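These notes are about the structure you will find just below.
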Amino acid sequence: MLRYLIPLACLSLVLVACTGGGTRASDVPPGFTPLFNGKDLSGWWGVATEDPAKWMALPPEQLAEKKAKSLLDINKHWSVQGDELVNDGKGLYLTTEANYADFDLRLDYKTVAKADSGVYLRGIPQVQIWDTTEAGGKWNIGADMGSGGLWNNAKGSPGRDPLVKADKPFGEWNAMRIVMVGERVTIWLNDQRVVDHARMHNYFAKDKAMPKSGPIQLQTHGGEIRWKNVILRPIAGDEANTILRAGGVDKPTGDDDFTTLFNGKDLSNWKGPIDNYEVVDGAIVCQAGKGGTIHTPQSYKDFTARIEFKLPPGGNNGLALRYPGEGDTAYVGMCELQVLDTEHPKYAKIDPRQVHGSAYGMAGAERGFLRPTGEWNFQEVTVRGSTIRVELNGTLILDSDLSKITDYMGGSPHPGKDRTEGFFGLAGHNDPVAFRHVRIKAH
């Protein structure tokens, strides 16, 4: 049910106290920008529960008309009182003009009995804000568990229900912090972690990834809600990779049970044509004009691999999964998982089963989630039986069962796709693609 949104919150202790004044420039931590200026509704417009992909696709003139029309509703139901944004429980949801990709969002909110609300992330519902009392009448749909969960995730999935109930009594301000990296969301409510690095599902397209970027929306429904100290800090690639590498926010490590495959110094633990590769600034780099598949000495059945890679313009490489040790891994191994600068013009007409993250020639990945060329990307690959799941920069881009593949690119079958064991490797194709932080965990 879209209508029930997640609780947005007060700022953390580094901000002004929840019971104090508005967000003065001196109160905002470094890197944060106020989304609400404490004076008026500049920088906001109104959207209901609508797939952002649809209104983003409107011609500029139609989108401008939609925004202008929405302000009539916004000005009817939203107001600024002192340093607070106030909604009467009706109307469109206050929506940022700007779109955001990875971010650290902090805010305070205060609501009343019988009301519920929430926060849409990248225009997708929702972080839930409840009346958590029995009298509120929504215990049958999860209100008894508290606010802060990703309420529109599938039932039983991580993040849908908050880990703890952390709501304050009516009349008090609640503080919320939301960190989003890819589809991975961590939420604190009143300094308690209620969602821990859970994937947020795309409500509007359940078989597709969350959009890469979109607006912040403050949802309203059924009763007054007040917001203040709404600030946001964009998260850049290096910080995002650190979070993903650790398996969450503020965690010392997430890979104690992973084996490091590359020591950052040499290729002494690798097999194959290692002379075609070199170590540069702590990364394995395929030499320009050379290639071939280098691989681990140990073979693996089911496993999860984590790796960071950096593509040069037009760069092409691959991850060898269950590779037998010789031959073209795209065909004799379980698959070659594409590592490709998909958005380069020279790849404009490639088959969808060739884009980055695809099981080459068999199963196509969702595109559009690579960082800009020259930046480091984080990727996690999980192989169980005949299935492959790929998360790129925190977003699930491939979830495929290769045993069900019957249609092959070019009509050429892949005899190795049903292999149950093999080496993990890097399949170079003449381009200086770089890899670092290469780790693996056998299942």
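The values are calculated or read from the model by the stated rules, or taken from the named source; none is laboratory data. Only a predicted model underlies this, so the values are computations on that prediction, with no experimental measurement involved. Positions of Cβ are backbone-derived with ideal geometry, glycine not excepted, and every protein chain shown enters the neighbour counts.
Cβ-Cβ contacts under 7 Å between residues 6 or more apart (or on different chains), taken from a first residue in segment 363-376 that is closer than 11 Å to residue 237 by Cα to a second residue that is in a loop (DSSP other than H, G, I, E, B), are listed as 370/342; 370/343; 370/356; 371/393. For the residues 294, 235, 231, 225, the requirement of being within 15 Å of the chain's Cα centre (by Cα) and crowded, with 16+ Cβ neighbours inside 10 Å singles out 235. State whether one or more residues within segment 223-242 are at pLDDT below 95 and in a loop (DSSP other than H, G, I, E, B). Looking through segment 223-242, at least one residue is at pLDDT below 95 and in a loop (DSSP other than H, G, I, E, B). Can you spot a residue in segment 404-422 that is buried (at least 20 other Cβ atoms within 10 Å of the Cβ), out of contact with any His (no Cβ under 6 Å at 6 or more places or on another chain) and under 30 Å from residue 239 (Cα atoms)? For segment 404-422, residues buried (at least 20 other Cβ atoms within 10 Å of the Cβ), out of contact with any His (no Cβ under 6 Å at 6 or more places or on another chain) and under 30 Å from residue 239 (Cα atoms): absent.
Every residue, every condition in (1) in the same structural domain as residue 370 (by TED's automatic domain parsing); (2) under 23 Å from residue 125 (Cα atoms); (3) not hydrophobic (A, V, I, L, M, F, W, C), yes or no:
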{"position": "207", "(1), (2), (3)": "no, yes, yes"}
{"position": "212", "(1), (2), (3)": "no, yes, yes"}
{"position": "218", "(1), (2), (3)": "no, yes, no"}
{"position": "221", "(1), (2), (3)": "no, yes, yes"}
{"position": "240", "(1), (2), (3)": "no, yes, no"}
{"position": "247", "(1), (2), (3)": "no, no, yes"}
{"position": "264", "(1), (2), (3)": "yes, no, yes"}
{"position": "268", "(1), (2), (3)": "yes, no, yes"}
{"position": "275", "(1), (2), (3)": "yes, no, yes"}
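Filter segment 21-56 down to residues that are part of a loop (DSSP other than H, G, I, E, B) and in contact with an Asp or Glu (Cβ under 7 Å, 6 or more places away or on another chain) and give me whichever is modelled with the lowest pLDDT. Residue satisfying both the conditions and the ranking: 21.
In segment 348-365, how many are farther than 14 Å from residue 389 by Cβ and either modelled with pLDDT of 95 or more or of a type in the set (A, V, I, L, M) (or both)?
Going through segment 348-365, the residues farther than 14 Å from residue 389 by Cβ turn out to be 348-356, 360-362, 364.
Among the residues that remain, those that are also either modelled with pLDDT of 95 or more or of a type in the set (A, V, I, L, M) (or both) are: 348, 350-356, 360-362, 364.
Qualifying residue count, segment 348-365: 12.
Candidates are the residues of segment 238-276 that are crowded, with 17+ Cβ neighbours inside 10 Å and among the hydrophobic types (A, V, I, L, M, F, W, C); the one that is farthest from the chain's Cα centre (by Cα) is 270. Of the residues making up segment 388-401, not a single one is in contact (Cβ under 8 Å) with a residue 24 or more places away in the chain and farther than 26 Å from residue 198 by Cβ.
Could you check how many residues of segment 215-258 are of a type outside the set (D, E, K, R) and over 30 Å from residue 84 (Cβ atoms)?
Count: 14.
Name the residue that is surrounded by the most Cβ atoms within 10 Å (Cβ to Cβ), counting only residues in segment 104-156 that are aliphatic (A, V, I, L, M), more than 17 Å from residue 228 (Cβ to Cβ) and in contact with a His (Cβ under 9 Å, 6 or more places away or on another chain). For segment 104-156, the residue satisfying everything is 150.
Yes/no matrix, rows are residues, columns are (1) in a strand (DSSP E or B); (2) acidic (Asp, Glu); (3) closer than 22 Å to residue 243 by Cα:
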residue: 89; (1), (2), (3): no, no, no
residue: 107; (1), (2), (3): yes, no, yes
residue: 128; (1), (2), (3): yes, no, no
residue: 144; (1), (2), (3): no, yes, no
residue: 152; (1), (2), (3): no, no, no
residue: 155; (1), (2), (3): no, no, no
residue: 159; (1), (2), (3): no, no, yes
residue: 165; (1), (2), (3): no, no, no
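For the residues 185, 195, 181, the requirement of being under 20 Å from residue 53 (Cβ atoms), surrounded by 21 or more Cβ atoms within 10 Å (Cβ to Cβ) and under 17 Å from the mean Cα position of the chain (by Cα) singles out 185.
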